[in-house]
Amino acid sequence: DALPIWHIVSTLHQESRASSCSTNSSALHCTMANLKQKLICPVTDEKCCIPTNKVTVVGVGQVGMACAVSILLRELTDELALIDIMEDRLRGEMLDLQHGSLFLKTPVIVSDKDYAVSANSRIVIITGGVRQQEGESRLNLVQRNVNVFKQIVPQVVKYSPNCIIIVVSNPVDVLTYVTWKLSGLPKHRVIGSGTNLDTARFRHLMAEKLGLHPSCCNGYVLGEHGDSSVAVWSGVNVAGLPLQSLSPEFGSDKDSEIGRAH
């Protein structure tokens with residue numbers, strides 16, 4: 001069994017004193033060898049614990065890597081796993097993050113095309129899928145991405161049955177529903193990015209026109225992510241003050257820059 005540190009230090013002190021009184025050099029050499037062995041012995045026989053805040057990103061395109069970098073910079077995870085079918089690009093992205101880990105606090109960054117690398121993830125972010133081709137209908141895009149998700153989601157749940165899945169791939173609302181059905185997880189553990197991006201753009205545009213920081217402008221875009229989403233002008237406030245009281249024409253029919261109010 002590994003000895004406590006205090007016991008090793010005490011032994012070192014006592015045996016050093018004893019060795020100083022001895023004139024036998026071979027005995028001294030033997031003593032020091034024993035002490036060295038005690039000092040470098042393992043302090044525990046237990047295996048490394050399972051990560052408690054592991055995050056997996058599926059898909060290492062621009063969106064996936066933006067998610068990965070944001071997670072690392074905010075120090076949200078103790079292990080980050082990347083998954084993609086394009087092995088060369090996957091390895092390159094992993095190495096870029098590992099080489100920059102000197103400036104990060106996430107100790108483990110791994111990648112593989114095998115979903116086993118995602119085992120025991122607390123959160124899995126799915127950004128993978130196919131892009132909409134020129135002239136392709138939204139319905140056809142949905143079907144192609146549904147086929148992709150049929151390969152992704154079961155593997156995610158197999159290795160991380162207790163995870164929360166965040167869907168970012170488009171069309172995000174439909175694919176979030178598909179993920180919920182394919183995973184068999186409770187609905188509160190399958191989350192789509194929804195209109196978060198639309199809301200961020202909305203707040204930025206308002207802030208830009210008013211000459212403020214986006215954090216001062218509060219409002220929401222609701223509905224399905226895409227062309228059918230709706231900006232809720234009646235709920236917008238600027239630093240706690242209703243926008244309509246500050247600028248009645250902002251967002252109304254009279255505002256040619258923003259468009260019709262909802």
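Checking the table LYS54/LYS209; LYS54/LYS113; LYS187/LYS209; LYS150/LYS187 against a 29 Å threshold on Cα-Cα, which pairs fail? Cα-Cα > 29 Å for LYS54/LYS209; LYS187/LYS209; rest within.
When the alpha carbon gyration tensor of the stretch 60-107 is reduced to an equivalent ellipsoid, its three semi-axes come out at 18, 12, 9 angstrom, largest first. Of the solvent-accessible surface of the stretch 121-236, computed with a 1.4 Å probe over protein heavy atoms with every protein chain present, carbon and sulfur atoms account for 55 percent. Based on the Cβ-Cβ distance from ARG144 to ASN218, what FRET efficiency comes out when R0 is 30 Å, to the nearest 0.05? Rounded to the nearest 0.05, the efficiency is 0.20. Under a model in which nothing but the beta-carbon of Lys, Arg (+1) and Asp, Glu (-1) is charged, the stretch 95-199 shows a dipole of about 380 debye around its Cα centre.
Summing +1 for each Lys or Arg and -1 for each Asp or Glu among the other residues whose beta-carbon sits under 9 angstrom from that of GLU87 gives 0. Based on Cα contacts under 8 Å between residues 6+ apart, the stretch 109-200 shows a relative contact order of 32 percent. Relative contact order for the stretch 43-119: 33 percent, from Cα pairs under 8 Å spaced at least 6 residues apart, divided by residue count. Using alpha carbons only, the radius of gyration of the stretch 132-207 set against its Kirkwood radius gives Rg/Rh = 1.06.
Take the Cβ atoms of GLN62 and ALA119, set R0 to 22 Å, and the FRET efficiency comes out at 0.25. So, R0 is 41 Å and r is the distance between the beta-carbons of MET86 and HIS204; what FRET efficiency does that work out to, to 0.05? E between MET86 and HIS204, to the nearest 0.05, is 0.80.
The values are calculated or read from the model by the stated rules, or taken from the named source; none is laboratory data. Not measured: the values here are computed from a predicted model. Neighbour counts are summed over all protein chains in view; Cβ atoms, including those assigned to glycine, are modelled from backbone coordinates with ideal geometry. Please note that ligands, DNA and RNA were not included when accessible areas were found on the heavy atoms of the full protein model with its side chains. Shrake-Rupley method; radii C 1.70, N 1.55, O 1.52, S 1.80 Å.
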